[in-house]
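Trainee: Here it is: the structure, laid out below.
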Amino acid sequence: MTTPQQYVQQKAAEAGSSFYYAFLFLPQDRRAAITAFYAFCREIDDVVDEVHDAGVAATKLAWWRKEVVQSFADQPSHPVMQALMPCASGYGIEARHLLAIIEGCEMDLQQSRYLDYPGLQRYCHLVAGVVGEVSARIFGQSQDGTTAYAHTLGQAFQLTNIIRDVGEDAMRGRIYLPVNELQQFDVKAHEITNRQHSDRFVALMQFQAQRAHQLYDKALQLLPEADKRGQKPGLMMANIYRTLLREIERERFQVLHQRIKLTPLRKFWLAWQVQALGRMPR
């Protein structure tokens with residue numbers, strides 16, 4: 001019989017995410033907490049990505065809402081929540097954090113386009129900024145200012161994901177790039193869904209990448225000196241994600257027909273660089 005801890009470990013490893021490589025360097029108790037939290041995020045995300053009937057997906061997310069509330073009333077039934085709840089109070093994880101992540105994924109069921117960047121920011125706040133905040137607490141936050149750092153870094157990660165996944169998301173009927181910015185660069189939605197790569201598309205994506213880079217820079221400026229050591233896992237992820245973004249830029253945003261990614265060995269190396277240096281390499 002699989003234990004809750006084995007379940008979340010398997011869920012985190014299956015995802016093959018950059019996050020997994022940052023977890024490897026954590027002490028056991030923090031690694032257990034972040035693995036359970038990450039597994040929760042994967043469960044919620046999978047509902048939207050893998051359930052093709054929006055009504056069924058909405059029902060599943062409603063179930064998860066109840067499960068979160070019940071879990072914080074000491075009645076977790078899902079193995080992810082059974083693994084997460086023993087860690088929750090020690091790391092300041094609250095029901096509102098988990099419910100915000102569910103709310104963000106519900107937005108995917110309700111809208112597939114965003115008129116402008118402020119609208120997209122709201123989505124990024126829920127599905128990535130909040131994830132960053134919780135992660136920072138687990139990694140070892142001691143300064144209030146670290147919350148703003150973590151939130152900004154989470155948004156940078158999400159914009160990187162959006163850039164990487166433009167083609168895949170379009171196949172699911174979603175275009176996260178703001179409508180007014182498509183208009184600004186004269187890129188039509190049908191060109192993206194039909195995978196038409198053009199100089200106009202490259203210019204649009206360069207604009208998106210520049211915004212992501214600005215968020216990475218801002219996040220690193222916001223990180224208090226006293227928390228730089230404790231937040232090394234987040235800096236590992238930043239090193240991996242920003243390297244991926246630069247790889248996508250080098251490939252001239254060939255993201256409509258393929259998923260550009262880093263090898264597991266390269267991800268491990270990028271994480272180890274931060275572990276060894278104690279900071280992001282220049």
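Trainee: Please pick out the residue among 271, 276 that is without any contact (Cβ under 8 Å) to a residue 40 or more places away in the chain, of a type in the set (Gly, Ala, Ser) and either part of a helix (DSSP H, G or I) or closer than 19 Å to residue 131 by Cα (or both). Working first, answer last.
Mentor: Details: 271 fails: without any contact (Cβ under 8 Å) to a residue 40 or more places away in the chain.
Every option except 276 fails the conditions.
Trainee: Going residue by residue through region 60-75, is there one that turns out to be outside the structural domain of residue 193 (by the TED database), touching a Leu at 6+ places or on another chain (Cβ under 9 Å) and modelled with pLDDT under 95?
Mentor: No, region 60-75 has no match at all.
Trainee: When the residues of region 94-113 are narrowed to those that are touching a residue at least 60 places away in the same chain (Cβ under 8 Å) and not small (Gly, Ala, Ser), which ends up farthest from residue 46 (Cα to Cα)?
Mentor: 113
Trainee: What residue, of 89, 142, is more than 23 Å from residue 57 (Cβ to Cβ), assigned by the TED database to the domain that holds residue 59 and at pLDDT below 95?
Mentor: Exactly one residue qualifies, and that residue is 89.
Trainee: If I ask for residues that are touching a residue at least 60 places away in the same chain (Cβ under 8 Å), over 18 Å from the mean Cα position of the chain (by Cα) and under 13 Å from residue 83 (Cβ atoms), which ones from region 4-28 would you list?
Mentor: Selection gives 4, 5, 7.
Trainee: With region 55-170 as the region, which helices (runs of 4 or more DSSP H) entirely inside it contain at least 1 residues that are closer than 30 Å to residue 206 by Cβ?
Mentor: 95-110, 117-124, 130-140, 145-164
Trainee: Is it true that some residue in region 66-77 is open to solvent by less than 70 Å² (accessible area, probe 1.4 Å) and within 21 Å of residue 14 (Cα to Cα)?
Mentor: No; the residues of region 66-77 include none that is open to solvent by less than 70 Å² (accessible area, probe 1.4 Å) and within 21 Å of residue 14 (Cα to Cα).
Trainee: Still on this structure: Out of all the residues in region 203-259, which are open to solvent by 20 Å² or more (accessible area, probe 1.4 Å) and assigned to a loop (DSSP other than H, G, I, E, B)?
Mentor: 224, 228, 229, 230, 251, 252, 254, 257, 258, 259
Trainee: Further question on the same structure: Which members of region 136-171 meet the condition of being within 14 Å of residue 233 (Cα to Cα) and either in contact with a Lys or Arg (Cβ under 7 Å, 6 or more places away or on another chain) or open to solvent by 10 Å² or more (accessible area, probe 1.4 Å) (or both)?
Mentor: Within region 136-171, 137, 138, 139, 140, 141, 157 meet the criteria.
Trainee: Could we say that residue 42 is touching a Lys or Arg at 6+ places or on another chain (Cβ under 6 Å), of a type in the set (Lys, Arg) and open to solvent by 20 Å² or more (accessible area, probe 1.4 Å) here?
Mentor: yes
Trainee: Being over 18 Å from residue 110 (Cα atoms) and more than 13 Å from the chain's Cα centre (by Cα) is the filter here; which residues of region 156-175 pass it?
Mentor: 166, 167, 168, listed by residue number.
Trainee: Is there any pair with a first residue in region 150-179 that is in contact (Cβ under 8 Å) with a residue 24 or more places away in the chain and a second that is hydroxyl-bearing (Ser, Thr, Tyr) and open to solvent by 10 Å² or more (accessible area, probe 1.4 Å) whose Cβ atoms are under 6 Å apart and which are 6 or more apart or on different chains, and what are they?
Mentor: Between residues of region 150-179 that are in contact (Cβ under 8 Å) with a residue 24 or more places away in the chain and residues that are hydroxyl-bearing (Ser, Thr, Tyr) and open to solvent by 10 Å² or more (accessible area, probe 1.4 Å), the close pairs are 157/241; 160/241; 162/176; 170/193; 173/112; 174/112; 178/117.
Trainee: Let me confirm something: among 57, 95, 83, 62, which residue is open to solvent by less than 60 Å² (accessible area, probe 1.4 Å), under 23 Å from residue 171 (Cα atoms) and not basic (Lys, Arg)?
Mentor: 57
Trainee: Okay, moving on. Give the number of residues within region 176-198 that are among the hydrophobic types (A, V, I, L, M, F, W, C), in a helix (DSSP H, G or I) and closer than 21 Å to residue 248 by Cα.
Mentor: 3
Trainee: Could we say that residue 146 is under 23 Å from residue 247 (Cα atoms) and in contact (Cβ under 8 Å) with a residue 24 or more places away in the chain here? Even if it seems obvious, please write down each step before you answer.
Mentor: On the way: under 23 Å from residue 247 (Cα atoms): no; in contact (Cβ under 8 Å) with a residue 24 or more places away in the chain: yes.
When the stated conditions are applied, residue 146 does not pass them.
The values are calculated or read from the model by the stated rules, or taken from the named source; none is laboratory data. What you are looking at is a predicted structure, and each value in this text was computed from that prediction instead of being measured. Positions of Cβ are backbone-derived with ideal geometry, glycine not excepted, and every protein chain shown enters the neighbour counts. Note: accessible area is taken over every heavy atom of the protein model, side chains too, but ligands, DNA and RNA are not part of it. Shrake-Rupley method; radii C 1.70, N 1.55, O 1.52, S 1.80 Å.
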